[in-house]
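K.L.:
The structure that follows is given in the form of structure tokens.
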There are 2 protein chains.
Amino acid sequence: MAWDTEGTRRRLRDAALVEFAARGFDGTTVGAVASRAGVNKERLYSYFGDKKALWELVLATELERLASAVSLSGVGLDDIGEFAGATFDYHAAHPELGRLLQWEGLQDGPPADAIGRTRHYREKVAHFAAGQRDGVLDRGLDPAHLVFALIALAAWWQTVPQLAEMITGAGPNDQQECARRRRFVVEAARRLASPSRI
Amino acid sequence: MAWDTEGTRRRLRDAALVEFAARGFDGTTVGAVASRAGVNKERLYSYFGDKKALWELVLATELERLASAVSLSGVGLDDIGEFAGATFDYHAAHPELGRLLQWEGLQDGPPADAIGRTRHYREKVAHFAAGQRDGVLDRGLDPAHLVFALIALAAWWQTVPQLAEMITGAGPNDQQECARRRRFVVEAARRLASPSRI
DNA sequence: TTCATTTCCAACGGTACGGTTGGAATATTA
DNA sequence: TAATATTCCAACCGTACCGTTGGAAATGAA
């Protein structure tokens, strides 16, 4: 059996994602990650340095995946709706991401890659602002607020799934309700962004 | 100096709120709560039983305060906007609440007082549904989704304050930006709820 | 095949934490 | 005032956890 160093590293990273999402940094033990990966915990220290470094790597990796999976191409109402829908889809397919970001936000300290993420979001804001100048999107709302609100509409479902269940009565595996929520998110995004009728 | 049992209990509860909001259940030590309260930790066990019971009490107390502070009286668009605005205000004035609810949601186990909270939210859904039947609110959206979305628009700012800062560039103590956000939230709520123009 | 390197194994060491304890001090009650 | 109850104090106990360690086993290279 040849040494599969990269395989072992990947197993540890994957296990860490599951454990960190479930329990956060403080609640996750190095032993649990190693056990889930079927690896001795000493390997974790050898490959990643320490628990904190592994946390940061997992977070950075998940953020990269999100950024490359959800894009905003145009500035039409359909584009806005689809951005919200795609964000919803990604969060629904990756519930561990929302949990990770929540744990992150609740911890002390600056966000991971704050500069890169800020730039990424500001680009979206500029994109929206251009759509407003073109009269495609409503000019009456701050574009930054609009970006923020679209993410809220899309991500909140996975951020507080227990609240969603209390309000709608639907459990986490109800695919029809998930589809209905997506349609709602897309429609809500369009309403928010469309030029004012007042 | 007479024994101030109730005062000591209150100091412990208040200290627990601060510590639990900051660090969550797992990250909070009983010693830190007692130290913040200026009380020996043995008193905490005497008054509240254990750490878990104190957590549950703090959570229940904060939920009661929220429920009695934010109400939805009518079903007009102004009422909807004001509900969203009042929710925003409460969260802005009590950042520890959002943090507590997040920590709660991330923990294993059912939400505190799930039955009571479910009833409370379902009443709001019914309220919205009545507004839809009266033609005051848009009939094209699921009222449960609408309730959920309004809470999202109002509460997301305090749920992910670091994201808000990355997107808007405004720090946590910018009162003018806070007022702008509230106006946005009220306007967004009205747009979502108003009868369809399509 | 031998030597060097990496991985595996499981125990270790030091620190932290929840909950408990016994005795002293203080407040309350009769 | 004496007896009783409560609070204060700080140490204790058992468990958990991060990061490290030394030696054995396995792999890779010459």
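The values are calculated or read from the model by the stated rules, or taken from the named source; none is laboratory data. Everything quoted here is computed from the prediction, not taken from an experiment. Ideal geometry is used to build each Cβ from the backbone, glycine not excepted, and the neighbour counts take in all protein chains shown. SASA here: full protein model, heavy atoms, side chains in, ligands and nucleic acids out. Shrake-Rupley method; radii C 1.70, N 1.55, O 1.52, S 1.80 Å.
K.L.:
Please work out the Cα center distance from the stretch B:115-182 to the stretch A:1-30, rounded to the nearest Å.
P.N.:
Taking the Cα centre of each part, the stretch B:115-182 and the stretch A:1-30 sit 36 Å apart.
K.L.:
For the stretch B:87-135, how big is Rg over Rh, using alpha carbon atoms and the Kirkwood form of Rh?
P.N.:
Details: Rg = 14.3 Å, Rh = 12.9 Å.
Using only Cα positions, Rg/Rh for the stretch B:87-135 is 1.11.
K.L.:
Ok, one more. Mean shadow of the protein assembly as shown, computed from the convex hull of its alpha carbons, in nm²? Mind dumping the intermediate values first?
P.N.:
Values: hull surface 90.6 nm².
Mean shadow area of the hull around the Cα atoms is 22.6 nm².
K.L.:
Might you report the magnitude of the Cβ-based charge dipole of the stretch B:5-58 about its Cα centre, with Lys and Arg at +1 and Asp and Glu at -1, to the nearest 20 debye?
P.N.:
Numbers: 10 positive and 7 negative charges, 25 e Å.
Here the size comes out at about 120 debye.
K.L.:
So which residues in the stretch B:158-198 end up with at least 40 square angstrom less accessible surface once the other protein chains are there, compared with the chain by itself, probe 1.4 angstrom?
P.N.:
SASA drop of 40 Å² or more in the stretch B:158-198: B:GLN162, B:LEU163, B:MET166, B:ILE167, B:PHE184, B:ARG191, B:LEU192, B:ARG197.
K.L.:
Along the charge dipole of the protein assembly as shown, Cβ charges K/R +1 and D/E -1, which of A:GLY85, A:PRO195, A:LEU100 sits furthest on the positive end?
P.N.:
Farthest towards the positive end: A:PRO195.
K.L.:
Could you look at chain A and say what percent of its accessible area is carbon and sulfur, using a 1.4 Å probe and all protein chains? Present the calculation step by step, with values, prior to reporting the outcome.
P.N.:
Details: 4700 of 9190 Å².
C and S fraction of accessible area: 51 percent.
K.L.:
Run the label-point distances for B:ARG139 please: 7 Å along Cα to Cβ, every other copy, nanometres, shortest first.
P.N.:
3.5
K.L.:
Roughly how big is the stretch B:70-193's charge dipole about its Cα centre, with Cβ charges of +1 (Lys, Arg) and -1 (Asp, Glu), in debye to the nearest 20? Let's see the in-between values first.
P.N.:
Details: 13 positive and 16 negative charges, 52 e Å.
Here the size comes out at about 240 debye.
K.L.:
In a Debye calculation with equal point scatterers on the alpha-carbon sites of the stretch B:70-193 and no solvent, what is log10 I(q)/I(0) at q = 0.12, 0.23 Å⁻¹?
P.N.:
-0.48, -1.34
K.L.:
For chain B, modelled as a Gaussian network with Cα springs under 10 Å, which listed residue fluctuates most, B:ASP134, B:ASP142, B:ASP108?
P.N.:
Highest fluctuation of the listed residues: B:ASP108.
K.L.:
Hey, with R₀ at 56 Å, roughly what FRET efficiency would B:ALA93 and A:SER46 work out to, going by the Cβ-Cβ distance, to 0.05? Walk me through the numbers on the way to the answer.
P.N.:
Values: r = 48 Å, r/R0 = 0.87.
Efficiency for this residue pair is about 0.70.
K.L.:
Which of B:GLN176, B:GLN102, B:GLN158 moves most in a GNM of chain B, Cα contacts under 10 Å?
P.N.:
B:GLN176
K.L.:
Note down the accessible area of A:HIS91, probe 1.4 Å, to the nearest 10 Å².
P.N.:
The value for A:HIS91 is about 20 Å².
K.L.:
Mean projection of the alpha-carbon convex hull of the stretch A:23-142 over all orientations, in nm²?
P.N.:
Numbers: hull surface 35.6 nm².
The directionally averaged projection comes out at 8.9 nm².
K.L.:
Here's another thing I want to ask about it. Using protein heavy atoms only (no ligands, DNA or RNA), what is the total accessible area buried between A and B, 1.4 Å probe, nearest 100 Å²?
P.N.:
On the way: alone 11700 and 11670 Å², together 18340 Å².
Roughly 5000 Å².
K.L.:
Can you tell me the accessible area per residue over chain A, all protein chains present, probe 1.4 angstrom, in square angstrom? Show your work: numbers first, answer last.
P.N.:
Working: 9190 Å² over 198 residues.
Counting only protein heavy atoms, the per-residue value for chain A is 46 Å².
K.L.:
Using a label position 7 Å from Cα in the Cα→Cβ direction, what is the ascending list of nm distances from A:ASP78 to the same site in the other copies?
P.N.:
Output for A:ASP78: 4.0 nm, nearest copy listed first.
K.L.:
Then there is this: Heavy atoms only, probe 1.4 angstrom, no DNA, RNA or ligands counted: give me B:PHE25, B:PHE88 ranked by accessible area, highest first. Please list the in-between numbers first.
P.N.:
On the way: B:PHE25 40, B:PHE88 5 Å².
The ordering from most to least exposed comes out as B:PHE25, B:PHE88.
K.L.:
Okay, moving on. In nm, what does the list of distances from B:ASN173 to its counterparts in the other copies look like, shortest first, when each label sits 7 Å along Cα to Cβ?
P.N.:
5.0
K.L.:
Hey, another quick one. How high is the relative contact order of the stretch B:5-58, in percent, with contacts defined as C-alpha pairs under 8 Å that are six or more residues apart?
P.N.:
Values: 40 pairs, mean separation 21.6, N = 54.
Taking the mean separation of contacting Cα pairs over the length of the stretch B:5-58, I get 40 percent.
K.L.:
Using only the alpha-carbon atoms of the stretch B:5-58 as identical scatterers, what base-10 log of I(q)/I(0) does the Debye formula give at q = 0.22 Å⁻¹?
P.N.:
Log10 I(q)/I(0), no solvent term: -0.68.
K.L.:
A further question follows. Which one of A:PHE20, A:PHE148, A:PHE128 has the biggest mean-square fluctuation once chain A is modelled by GNM with Cα springs under 10 Å?
P.N.:
Of A:PHE20, A:PHE148, A:PHE128, the Gaussian network model singles out A:PHE148 as fluctuating most.
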